[in-house]
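In what follows, a single structure is set out as C-alpha cells and then discussed.
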Amino acid sequence: MPSPLPSPGQPTITTDTVADDEGRYLALQTRDARFDGRFFTGVTSTGIYCRPVCSVRTPRRENCRFFAMAAQAESAGFRPCLRCRPEMAPQSLAWSTQDASDILVREAVRLLDAPEGWARNPTSDGQGATVARLAERLGVSDRHLRRIFEAALGVSPLQYLQTRRLLTAKQLLTDTPLPVTQVALSSGFGSVRRFNAAFAEHYGLNPSQLRKSGSAQGATRTGTLRLAYRPPLDVPALLAFFERRRFLGVEWVQQEGDGAPALRRTVRLSPAVTGAMEVTGWLSARFDTTRHQVLLQTSDSLYPVLPVVIARVRAMLDLDADPGAINAVLHQRFPEGDGLRVPGAFDGFELAVRAVLGQQITVAAARTLGQRLVERLGEPIETPWPELSRLFPPPAVLARAEGDTLGQMGIVRQRQAAIVALARAVDSGALALHAGADVAATTTALCALPGIGDWTAQYIAMRVLRWPDAFPAGDVALHKALGVQGQKHPARAATEASAAWRPWRSYAVLRAWAELPLPATAARQASPA
C-alpha cells in the first residue's frame, strides 16, 4: 500500500518534516495519521493535549506546544483530550544501534510499557515497577537510570510509568463496563484510593466523573477497545500470513468479502503473567481501515487482564510500527513492501513450538503437525463461533509429553526433544518468551536447548521478542530472494547484504519473502507455522 497522498492544495509532508515544531504543526493541520503517536500537541489556551489526528478545530500556532510522548505533555500540566483519546495512539518506538544511553533508555521504556510487570510487583507506594527494580534488570544504578532517562525524555521513569497506567485506566473506563476497583488493579495501582488520587491530580476529575463525561458525549461501554495504528498497513497481506499458518479451532481469519477483515483466536495467559490463576478466553480483532484502527473485543474472562491483552494484540498485529522510519531505510531496495508488518504472536511459547515444527519442512507440513498437536493435547473451550473451539496446549502439558505421544503425530525425534526441552524451560520459568524479554540472553538460551539453532532463535526474536533487527541468515528462501543462493557461503553473503537495512532487518526479511512466489516462500526454513 502506498503512503497517503496530500489533498490538492496541501503541502507534502514527509517523515523528516516533523523534525521541527513547524513541521509538526503542518501535520496537525492536515490530521495526517502517519504521525499518530509520534508527537502530541499541548494547547495552552485549554490545558488539553491531543493526537495529530484530533478532529477538533486546529488551534492557533502560538497556542501549541509539542511533545514526543504523552508523559511529557502530562508532566507539563496538560490533560488528555476526551475526543481524540491519546491512550488509543500507537506507541512511538525509537531504535538506536550506536549510542549506549539511547539503547538503555529504549530498553527502560520497553519494560515500563509492558503491563505484565504492573500488577505483579506491588509496593507500598503503589508503583509496581520501581526504578530500583528496573535499574537492577538493566544492570545499572537507579541514580544513573533516572539521570539518563530524564536527560533523554524530560520526565522521570516513574512519571512515564504513571502516565502509561493512567492512560490505560482511562481507556478501560471509557470502553468497558469494568468496575472502577478492577480498572485500578488492572492498571497496576495498589489501591483504589491511590488510583483516585492520581486520577484527580493529573486529570482534574475522578474516574466516575470521566465515565459520566463519556456517556454525555455519546460514548457507550460496549467492551470494544479501539487500537490505532499508523498507515500504511497492508491488512490483506498480514491476515494472509496468519491464514496460511492457522490451526483449526485455535485461529480464524476473516478476509475482505465476508465483512470487516478480522483475526479471531482462543488465548491462554499463565499465572506467571496474570499474577494469579491461569486465564483462558477468546479475542476478536477487526480492522477499521478507514479510521486506521483495530476494534478489539474479548471474552469477559479476559477483562481482569485487559492491559496485557491489549499489549499482546498490538504486538501480534505490529500496530506500533512506524512505516515512515522503516521505509526511509528499506524503500529503495523493497519498494513494494511499504505496508508490510512483521506478524507477531499472542503466545510466545506457542510461536516457539510452531518454529520448531517448521524446521526443514514446508509451511503446510508444519501446519499439519501443529494441527495434530492441538487436536491431541489441546483443551476444548466455548466461544461464540464454531470455528474457535480449542486452546493450544500449555508448556506444562508438552513438558510431560513422551516420545511415543509426539512420535505418533509424525514429529521426528530431534524435534520431539526440542519441543519437550523448550516446554520445560518455559514451564519452570527459566525461559521467558515475550516482547519484554532480553533479546541477547533469550536467543542464547534458546540456542542452548537441543534441536534449536540460530535460525529458529532469530525467527522467535523477530516474531515473539519483537526485535526489529532480527535476521535469520540461514533462511533458504531469503537466500533466493536476495540472489545469493548460488554463492559458497550464502548465509554470510545475506548478512553482508543486510548491513544497509539495520535496524529494520526483520522488516526486510518479510519484504524479501513477499517478493517470491508463494510456493517458494513455503520452502525449507522460509517461514514456519
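The values are calculated or read from the model by the stated rules, or taken from the named source; none is laboratory data. Computed from a predicted structure; not experimentally measured. Note that each Cβ is placed from the backbone with ideal geometry, even for glycine, and that neighbours are counted across all protein chains shown.
Within the stretch 405-423, the set of residues being closer than 16 Å to Ala366 by Cα and not polar (S, T, N, Q) comprises Leu406, Gly407, Met409, Gly410, Ile411, Val412, Arg413, Arg415, Ala418, Ile419.
Considering Ala396, Ala417, Ala421, Ala448, the condition of being surrounded by fewer than 16 Cβ atoms within 10 Å (Cβ to Cβ), out of contact with any strand residue (DSSP E or B) (no Cβ under 9 Å at 6 or more places or on another chain) and more than 30 Å from Arg264 (Cβ to Cβ) is satisfied by Ala448 alone. Please work out which residue is farthest from the chain's Cα centre (by Cα), limiting yourself to the stretch 256-300 and to residues that are in a strand (DSSP E or B) and among the small types (Gly, Ala, Ser). The extreme case among them is Gly281. Within the stretch 150-173, one or more residues are over 23 Å from Val109 (Cα atoms), at pLDDT 90 or above and assigned to a helix (DSSP H, G or I).
When Ala311, Ala345, Ala315, Ala355 are checked against the criterion of being closer than 25 Å to Leu166 by Cβ, surrounded by 19 or more Cβ atoms within 10 Å (Cβ to Cβ) and in contact with a helix residue (DSSP H, G or I) (Cβ under 6 Å, 6 or more places away or on another chain), a single residue qualifies: Ala311. The combined condition, being modelled with pLDDT of 95 or more and in contact with a His (Cβ under 9 Å, 6 or more places away or on another chain), is not fulfilled by Ala285. One residue alone among Gly188, Gly154, Gly204 is touching a Phe, Trp or Tyr at 6+ places or on another chain (Cβ under 6 Å) and either touching a residue at least 40 places away in the same chain (Cβ under 8 Å) or more than 19 Å from Arg85 (Cα to Cα) (or both), and that residue is Gly188. In this structure, Asp475 qualifies as surrounded by 21 or more Cβ atoms within 10 Å (Cβ to Cβ), more than 23 Å from the chain's Cα centre (by Cα) and acidic (Asp, Glu). So which of Glu336, Glu350 ends up being more than 30 Å from Val420 (Cβ to Cβ) and assigned by TED's automatic domain parsing to the domain that holds Ala448? Of the residues listed, the single one that is more than 30 Å from Val420 (Cβ to Cβ) and assigned by TED's automatic domain parsing to the domain that holds Ala448 is Glu336. Against the test of being at pLDDT 90 or above and not assigned by TED's automatic domain parsing to the domain that holds Pro271, the options Glu136, Glu201 yield a single qualifying residue, Glu201.
Would you check if there is a residue in the stretch 174-184 being in a helix (DSSP H, G or I), within 21 Å of the chain's Cα centre (by Cα) and not assigned by TED's automatic domain parsing to the domain that holds Cys50? Taking every residue of the stretch 174-184 in turn, at least one turns out to be in a helix (DSSP H, G or I), within 21 Å of the chain's Cα centre (by Cα) and not assigned by TED's automatic domain parsing to the domain that holds Cys50.
Counted as qualifying within the stretch 7-118 are the helices (runs of 4 or more DSSP H) with 1 or more residues that are at pLDDT below 90 and either assigned by TED's automatic domain parsing to the domain that holds Glu150 or in contact with a strand residue (DSSP E or B) (Cβ under 9 Å, 6 or more places away or on another chain) (or both), namely 100-113. Any idea which residue in the stretch 377-393 is surrounded by the fewest Cβ atoms within 10 Å (Cβ to Cβ), counting only those that are among the hydrophobic types (A, V, I, L, M, F, W, C) and more than 19 Å from Ala352 (Cα to Cα)? Residue satisfying both the conditions and the ranking: Trp385. Suppose the filter is crowded, with 22+ Cβ neighbours inside 10 Å and either farther than 22 Å from Pro517 by Cβ or not assigned by TED's automatic domain parsing to the domain that holds Ala352 (or both); does Arg502 pass it? Judged against the criteria, Arg502 is not a match. From the list Arg34, Arg57, Arg83, Arg61, the one residue that fits, being without any contact (Cβ under 8 Å) to a residue 12 or more places away in the chain, farther than 24 Å from Ala151 by Cα and of a type outside the set (Gly, Ala, Ser), is Arg57. Where helices (runs of 4 or more DSSP H) sit wholly within the stretch 434-523, those with at least 3 residues that are closer than 17 Å to Thr362 by Cβ occupy 454-463, 476-482, 518-521. Flag: Ala481 does not match the condition of being closer than 30 Å to Leu111 by Cα, assigned by TED's automatic domain parsing to the domain that holds Ile361, small (Gly, Ala, Ser) and crowded, with 22+ Cβ neighbours inside 10 Å. Ala262 meets each of the listed conditions (1) crowded, with 22+ Cβ neighbours inside 10 Å; (2) under 30 Å from Leu82 (Cβ atoms) apart from (1).
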